[in-house]
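No lab work stands behind these numbers, since they all come straight from the coordinates. In this text, all values refer to a predicted model and were calculated from it rather than measured experimentally. Every residue, glycine as well, gets a Cβ built from its backbone with ideal geometry; the counts of neighbours run over all protein chains shown.
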Amino acid sequence: MIRFNVPPYVETAAGYIQECIRNEKICGDGAYTAKCTKWLEEKTSAGKVLLTTSCTHATDLAALLCDLKPGDEVILPSFTFVSTANSFVLRGAVPVFVDIRPDTMNIDEKLIEAAITEKTRVIAPVHYAGVSCEMDTILDIAKRHNLLVVEDAAQGVMSTYKGKALGTMGDFGAFSFHETKNYSMGEGGALLIKDPAMAEEAEIIREKGTDRSKFYRGQVDKYTWVNYGSSYLPSDMNAAYLYAQLEVADRINDQRLSSWNRYYRNLQPLADAGKIELPHVPAECVHNAHMFYIKAKDITERTALIGHLKENEIMAVFHYIPLHSSPAGKHFGRFHGEDVYTTKESERLLRLPMYYGLEPETVDRICDAVKAFYA
Ligand SMILES: *Cc1c(COP(=O)(O)O)cnc(C)c1O
């Protein structure tokens, strides 16, 4: 069976984890957390990066830093993972969903302004498949309406928009290092903060509402409870697992891109024949080959294609039941405007196997199976 995902692993990780154990430093904010943080800050040029226990928790932290009041509104796409909405719902805010663009599956920037009310506080764009949203437009809207921007860049590590790292253009950005992402620590993530002046407050919330981070840096001589907070520090062993990948991030990225390009070239004739649609990457965007998806005609064809691939021992998956049609989405949020593409396009989308270590021959075999289905 060709698996859909294989968690990334780089062999140096085992030695790094042993080092944590030998040094008896397995809790958060150890040497490997520092190394990952430094790498991420240098790579992205974010004002400040904090490693977290997940992207969900990074978004929770961002939502806390946005200081939302119950009833405040957050504009986001409905075609996304639940965490993008949940973090704001936990603060009592109302998710206001708007439609996506069919070419990138990202929030349609042209529909955002019409969804703004006097209660809107945040725009939360999601960079689907590591391909950036139209950020210049979104940032301009945010500026004119005095809104915060929280980027869900879970899938966007190593991707850029006009040369800028995803997650660094809004006030806050969130990365995921879940095992299904390009770089992984099992469960983990990072919060990217634009304004370094917000970093101290973020550190306090991440450290149970205490100023322990300052204490470790020798800036205060004891630490104490100074604000509300929770615990968002990953174990340094997880950071060690991740760091091994970050050290060879270019190699991982190049390999994923070559798999992606191979899929694209292989399947181009099917797209030219009008049988399927291939992903679109706007000229301003450099992507990270987080996923390779195709679009079938409709849900019936997609279901048949998944079955056909399964018979050929290939796992292919789809995702995101649009949030506005889920029970919690209906309860907590609302859709603004018309759902022209969200449901229709999500029902056509099919993700093909994509992981670090995917062999070119395997990509060819998968493409052959897709072509056989349409023959
Ligand atoms: C994976 C993902 C998340 C959640 O990441 P975790 O690290 O598992 O919390 C959030 N948003 C999007 C778009 C994702 O793909």
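Have a look at the DSSP beta bridges in the chain and tell me what percent are antiparallel, nearest 5.
Details: 23 of 40 bridges.
Percentage antiparallel, nearest 5: 60.
Place a +1 charge on the Cβ of each Lys and Arg in the chain and a -1 charge on the Cβ of each Asp and Glu, then give the dipole magnitude about the Cα centre in debye, rounded to the nearest 20.
Working: 41 positive and 50 negative charges, 48 e Å.
So the dipole magnitude of the chain works out to roughly 240 debye.
Given H placed 1.01 Å from N in the peptide plane, which residues other than close sequence neighbours of Ile314 have an amide H under 5 Å from its amide H?
Ile2
Just to be sure I understand: with springs between alpha-carbon atoms less than 10 Å apart, which residue in Leu323, Leu90, Leu147 has the highest mean-square fluctuation in the Gaussian network model of the chain?
Per the Cα network of the chain with a 10 Å cutoff, Leu90 tops the list.
Send over the per residue convex hull volume for region 20-136, Cα only, as a whole number of Å³. Working shown, then result.
Details: hull volume 15.4 nm³, N = 117.
Hull volume over Cα atoms, normalised by residue count, gives 132 Å³.
Arrange the peptides 265-272, 104-111, 367-374 so that the one whose residues have, on average, the most other Cβ atoms within 10 Å appears first.
Numbers: 265-272: 14.8, 104-111: 21.1, 367-374: 17.1.
Most protected by this proxy first, the peptides run 104-111, 367-374, 265-272.
Give a residue-ordered list of calculated ³J(HN,Hα) values for region 359-375 (Karplus: 6.51 cos²θ - 1.76 cosθ + 1.60, θ = phi - 60°; whole Hz; x for Gly, Pro).
7, x, 5, 5, 4, 4, 4, 5, 5, 4, 5, 5, 5, 4, 4, 8, 5
Using 0.36 nm per residue, how much length does the chain from Gln219 to Lys110 gain when fully extended, once their Cα-Cα distance is taken away? It would help to have the intermediate numbers written out before the result.
Values: separation 109, 0.36 × 109 = 39.24 nm, distance 4.64 nm.
Full extension from Gln219 to Lys110 adds 34.6 nm.
Can you work out ³J(HN,Hα) from phi for every residue in region 271-280, in order, using Karplus 6.51 cos²θ - 1.76 cosθ + 1.60 and θ = phi - 60°, giving whole Hz and x for Gly and Pro?
Per residue, the Karplus-derived 3J(HN,Hα) values read 5, 4, 7, x, 7, 9, 10, 10, x, 10 Hz.
Could you list which residues have their amide H under 5 Å from that of Val149, counting only those 5 or more apart in sequence or on another chain, with H placed in the peptide plane?
Under 5 Å from the amide H of Val149 lie the amide H atoms of Ile123, Asp171, Phe172, each far enough along the sequence or on another chain.
Would you give the gap between the C-alpha center of region 198-252 and the C-alpha center of region 112-171, rounded to a whole Å?
25
Can you tell me the order of 344-351, 14-21 when each peptide is scored by its average per-residue count of other Cβ atoms within 10 angstrom, highest first? Don't skip to the end; give the middle numbers.
Working: 344-351: 19.0, 14-21: 15.8.
Peptide ranking by packing, descending: 344-351, 14-21.
Which of Ser184, Ser231, Ser259 moves the most in a Gaussian network model of the chain with Cα springs under 10 Å?
Between Ser184, Ser231, Ser259, it is Ser231 that shows the largest mean-square fluctuation.
Per residue of region 131-138, what does 6.51 cos²θ - 1.76 cosθ + 1.60 with θ = phi - 60° give for ³J(HN,Hα)? Whole Hz please, x for Gly and Pro, Karplus curve as stated.
9, 5, 5, 6, 5, 4, 5, 5
Report Rg (one decimal) and Dmax (nearest whole number) for the chain, counting Cα atoms only, units Å.
Looking at the chain, its Cα Rg and Dmax stand at 20.9, 72 Å.
Taking 0.36 nm per residue of separation and subtracting the Cα-Cα distance, what length does fully extending Ser325 through Tyr9 add? Don't skip to the answer; put the middle values down first.
Numbers: separation 316, 0.36 × 316 = 113.76 nm, distance 3.63 nm.
Once the chain is fully extended between Ser325 and Tyr9, it gains 110.1 nm.
In vacuo Debye scattering of region 204-327, one point per C-alpha: log10 I(q)/I(0) at q = 0.12, 0.15, 0.18 Å⁻¹?
Each listed q maps to, in turn, -0.78, -0.94, -1.09.
With n ≥ 4 as the cut-off for DSSP H runs, can you work out [θ] at 222 nm for the chain, using -39500 (n - 2.57) per run divided by the number of residues, rounded to the nearest 500?
Numbers: 13 runs with 142 residues, N = 375.
Theoretical 222 nm ellipticity from helices: -11500 deg cm²/dmol.
Please state the relative contact order of the chain as a whole percent: Cα pairs under 8 Å, 6+ residues apart?
Working: 801 pairs, mean separation 89.2, N = 375.
The value is 24 percent.
What are the residues whose amide H is under 5 Å from the amide H of Glu207, where those residues sit 5 or more places off or on another chain and H is modelled from the backbone?
The answer is Ser230.
P(r) tail for region 141-195, what percent of Cα pairs lie past 14 Å?
Within region 141-195, distances greater than 14 Å cover 54 percent of Cα pairs.
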